[in-house]
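The values are calculated or read from the model by the stated rules, or taken from the named source; none is laboratory data. Here the structure is a predicted model, which is why all the values come from computation and not from measurement. Neighbour counts are summed over all protein chains in view; Cβ atoms, including those assigned to glycine, are modelled from backbone coordinates with ideal geometry.
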Amino acid sequence: MDAKQFERLVALGLGKAVLHLRDHDARPYREIIVDACLHNKAYAPQIEGSRAEYMLDLIQSSGDPAFYAEATIRSLGEEADDWDDAQRFRIARLLAQSGNQSARRVMRAAFQAKRISASDIAAEFIELDGIQGLLFVARQIGEQLAQSPDQWEDDYLLSRAGDICGRDRVDATLKINSETDKNIETYLSAIEDNRRLRAVNQRIDPRALTYGEVRSLIETDKAGGILVQWSKHANDSELICAARDLVRESDPKKLKAYLLLFRKRRFPLEIDHLLRLVELPDGPVPRHTLGVLANLDHEQIRSLAFKLIRTASSLRGYAINLLVKNFRKGDHATVEAWCDAEQDPDVVNGFDRSMREFFVAHPNSEIERRLLIKFYEKEPCAHCRSYVVERLLQLDGLPDMVRRECEHDSYLETRELVRPRIS
């Protein structure tokens, strides 16, 4: 396997890279492995999270784990973006738990020197040292809060500590220490302020709102996340009023809000205006409009799906969605051809998510299984790949070799999917 092929496997987070290292010299891939240790390669890190466990598998299979461990530990004091920092600290925590005292020492020094307050990084100290780790990060964050009164702090760390150490023990320990430690007192006070603010801003019950109130929220940009939920309970006359307001609206932000009302409900008017919105420059409005059109059956919508593919539109990732309600005989083969030809990672990701609904509505296990095996190799998002693996297991179509790779996948939930089935 050449370096470019190996780099692709690591970027995707496939376990095949780990298995390859076990039987091959890792030296040609040294720079690739170091780079992936220091930089989170996840397609969607906000969903996939850290790849620390995956990188540790690569490190331990490399034949020279000390080299990569040292490079990662050394990087903790360097400037990095949030996702990279979180991964580096998590790798260091795993190394510390395996007995690497240098990792533990440098973690603490870097956390203090860089004045880190990110909850996911602070949580690594709780995973490592339990209640003592919590006290350490609470002091550090409290000191920062005292110097930056506008900084806010949620209760994620307390929740995480409660899961690890027990909620009663956490509450009692922090209360006792806050009586003698001003920084911990400041930390707890900031959390209480956040909780009070959250209580004041409790989510509005969407079912209690009239359409007039919803429209006012849209006009003042205060609708937040209630629109889809409200529309589920709206009556037909309210939806007609909303559709008419959508047709009259030209402001992109308000248009997006009105379109959200029809994500789960059928648009009740003619679709001509929606088709015109799709022609706008790529952005939230045409993308949300395609989501609305996917709920409808109309020959023009079916034609639009084929046009998006034919013209290589940046919106072609929605084409399969448009066929779910506009299916014709032969579309299974059409969808397979579209998927086989597509190479753009973003479109591949869109096709993968669309296929789930398509095959639920129009079952064809043979073609679905064939496509899923291909998508296992090309899906850029490790979180989405877990659905591919889960569905292949349901279809009894997961090849044994892929099953072995999944034991070392970058997404931990994928590992869990295959673990009970390992013989």
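Odds and ends about this structure:
- Residue in region 343-363 that is farther than 19 Å from residue 303 by Cα, free of Cβ contacts under 8 Å to residues at least 24 places away in the same chain and in a helix (DSSP H, G or I) present: yes
- Exactly one residue out of 93, 30 is at pLDDT 95 or above and in contact with a helix residue (DSSP H, G or I) (Cβ under 6 Å, 6 or more places away or on another chain), and it is 93.
- Matching helices (runs of 4 or more DSSP H) fully within region 54-117 where at least 3 residues are under 25 Å from the mean Cα position of the chain (by Cα) and under 22 Å from residue 10 (Cβ atoms): 82-97
- The set of residues in region 324-342 being assigned to a helix (DSSP H, G or I) and without any contact (Cβ under 8 Å) to a residue 12 or more places away in the chain consists of 334, 337, 341.
- Count of region 282-304 residues, restricted to those that are closer than 22 Å to residue 255 by Cβ and over 26 Å from the mean Cα position of the chain (by Cα), is 5.
- Single match in 257, 319, 305 (criterion: within 30 Å of residue 222 (Cβ to Cβ), among the small types (Gly, Ala, Ser) and crowded, with 16+ Cβ neighbours inside 10 Å): 257
- The numbered conditions (1) within 17 Å of residue 80 (Cβ to Cβ); (2) under 24 Å from the mean Cα position of the chain (by Cα) are all true for residue 123 except (1).
- Tallying residues that are farther than 24 Å from residue 414 by Cβ, surrounded by 15 or more Cβ atoms within 10 Å (Cβ to Cβ) and without any contact (Cβ under 8 Å) to a residue 24 or more places away in the chain within region 31-66 yields 0.
- Leading residue by the ranking (surrounded by the most Cβ atoms within 10 Å (Cβ to Cβ)) among those in region 129-183 that are hydrophobic (A, V, I, L, M, F, W, C) and over 28 Å from residue 95 (Cα atoms): 145
- The requirement of being surrounded by 12 or more Cβ atoms within 10 Å (Cβ to Cβ), of a type in the set (Val, Ile, Thr) and either touching a residue at least 60 places away in the same chain (Cβ under 8 Å) or farther than 28 Å from residue 313 by Cα (or both) is fulfilled somewhere in region 227-248, by at least one residue.
- The one condition in (1) in contact with a helix residue (DSSP H, G or I) (Cβ under 7 Å, 6 or more places away or on another chain); (2) of a type outside the set (Asp, Glu); (3) modelled with pLDDT under 95 that residue 169 fails to fulfil: (3)
- When restricted to residues that are at positive phi and either at pLDDT below 95 or out of contact with any helix residue (DSSP H, G or I) (no Cβ under 6 Å at 6 or more places or on another chain) (or both), region 96-149 contains 2.
- When the test is whether a residue is modelled with pLDDT of 95 or more and under 30 Å from residue 148 (Cα atoms), residue 248 does not pass it.
- Single residue of region 367-417 satisfying the filter (in contact (Cβ under 8 Å) with a residue 40 or more places away in the chain and outside any helix (DSSP H, G or I)) that is surrounded by the fewest Cβ atoms within 10 Å (Cβ to Cβ): 407
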